[in-house]
Amino acid sequence: MITPRTTGIIGVHTFGRMCDVDALMDVARRHHLQVIFDAAHAIGCTYKGQYAGSFGDAEMLSFHATKVFNTFEGGAILTNNDELARKMRLMKNFGFGGYDEVIYIGTNGKMNEVSAAMGITSLESLDAFTAVNKRNHETYTRELEKTHGVTLMQYDEAERNNYQYIVLEIDPEVTGVTRDDIQKVLWSENVLARRYFYPGCHRMEPYRSYYPHAGLLLPETERLTTRLLQLPNGTAVGEEEIAQVARILNLTLGHGEEVHKRLSVPG
Ligand SMILES: Cc1ncc(COP(=O)(O)O)c(C=O)c1O
């Protein structure tokens with residue numbers, strides 16, 4: 001995919017599972033490219049024992065309210081490059097170098113005090129939230145281990161993880177129902193399972209019009225955007241809720257073809 005116009009690579013630590021950092025850094029070194037990592041999901045996660053935030057030219061964390069650590073809205077850029085850090089500090093404050101002088105391009109990327117205060121309390125709770133997420137992930141794994149056609153994403157136990165994402169991969173050939181059928185059933189029972197990254201960036205504007213055939217280059221993305229479903233996690237979820245979700249899933253899968261047929265009827 002690398003052409004003479006390529007200047008860098010963005011790796012995404014999707015669902016908090018770290019990229020193959022060494023392999024991407026190796027490609028980048030050979031082609032003299034920058035590497036930045038989207039670590040939006042990866043606070044508290046490690047690669048070969050080293051925390052997300054310390055790889056490549058820079059890494060970005062998201063502190064959005066949906067993340068395990070949050071400041072309502074916000075985020076951080078982490079880098080070991082002092083010159084890049086200096087420029088980004090200018091950029092987040094309109095490029096102001098002093099009271100009356102703008103010396104660089106800029107935008108308003110400052111964090112407000114209320115968000116910062118939320119961040120401090122969120123930081124104090126991070127280990128406790130992670131422990132709850134881990135316990136819930138173990139419970140989901142136990143509850144769903146005998147469910148055919150459904151695979152629960154596992155984390156590398158040799159690393160540190162924040163365990164925030166409970167990701168199911170549904171194989172419709174085995175279950176007789178699609179991921180979308182299962183989501184409809186769960187929503188009707190008030191379980192807000194999500195289709196993260198559906199339908200995929202390449203299927204949204206402006207990329208859809210610029211690259212109408214992008215899907216042909218992205219067979220894995222296409223496959224996963226129709227098969228993945230994220231289940232609820234966090235401190236509002238416990239053993240009882242997970243058992244209930246598992247009961248709904250098993251009931252749906254136990255009548256897979258019938259559920260699919262009924263949900264396919266228009267109206
Ligand atoms: C992988 C990934 N990258 C980036 C973002 C954007 O983060 P933010 O909403 O803090 O801008 C998200 C948000 O959900 C995300 O999931």
For this session: Just name the residue that is farthest from PHE69 (Cα to Cα) out of those in region 1-24 that are assigned to a loop (DSSP other than H, G, I, E, B) and charged (D, E, K, R).
Result: ARG5
Problem set entry | Matching residues in region 190-227 - criterion: being basic (Lys, Arg) and touching a strand residue (DSSP E or B) at 6+ places or on another chain (Cβ under 9 Å) | ARG194, ARG195, ARG227
Problem set entry | Out of LEU229, LEU253, LEU249, LEU186, sole residue that is assigned to a strand (DSSP E or B) and buried (at least 17 other Cβ atoms within 10 Å of the Cβ) | LEU229
Problem set entry | Within region 36-46, considering residues that are open to solvent by 30 Å² or more (accessible area, probe 1.4 Å) and closer than 13 Å to LEU24 by Cβ, the one farthest from the ligand (Cβ to nearest atom) | ILE36
For this session: For region 54-68, enumerate the residues that are surrounded by fewer than 22 Cβ atoms within 10 Å (Cβ to Cβ) and either more than 12 Å from the ligand (Cβ to nearest atom) or of a type in the set (Gly, Ala, Ser) (or both).
Result: SER54, ASP57, ALA58, SER62, ALA65
Exercise. Mind checking whether some residue in region 76-88 is among the hydroxyl-bearing types (Ser, Thr, Tyr), closer than 30 Å to ARG194 by Cα and free of Cβ contacts under 8 Å to residues at least 40 places away in the same chain?
Worked result: no
Problem set entry | Filter result for ALA117 (among the small types (Gly, Ala, Ser) and in the same structural domain as LEU253 (by TED's automatic domain parsing)) | no
Exercise. Out of all the residues in region 38-56, which are touching a residue at least 60 places away in the same chain (Cβ under 8 Å) and aromatic (Phe, Trp, Tyr)?
Worked result: TYR47, TYR51
For this session: Those residues that are over 28 Å from ARG208 (Cβ atoms), out of contact with any Gly (no Cβ under 8 Å at 6 or more places or on another chain) and hydrophobic (A, V, I, L, M, F, W, C), I need them from region 222-258; list them, please.
Result: LEU231, ALA236, VAL237, ILE242, ALA243, VAL245, ALA246, ILE248, LEU249, LEU251
Exercise. Out of all the residues in region 26-34, is one or more open to solvent by less than 60 Å² (accessible area, probe 1.4 Å) and under 18 Å from the mean Cα position of the chain (by Cα)?
Worked result: no
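The values are calculated or read from the model by the stated rules, or taken from the named source; none is laboratory data. The model shown is predicted, which means the values in this text are computed figures rather than measured ones. Counting neighbours? That spans all protein chains shown, and the Cβs are built from the backbone with ideal geometry, glycine included. Just the protein is used for accessible areas: all its heavy atoms, side chains included, with ligands, DNA and RNA removed. Shrake-Rupley method; radii C 1.70, N 1.55, O 1.52, S 1.80 Å.
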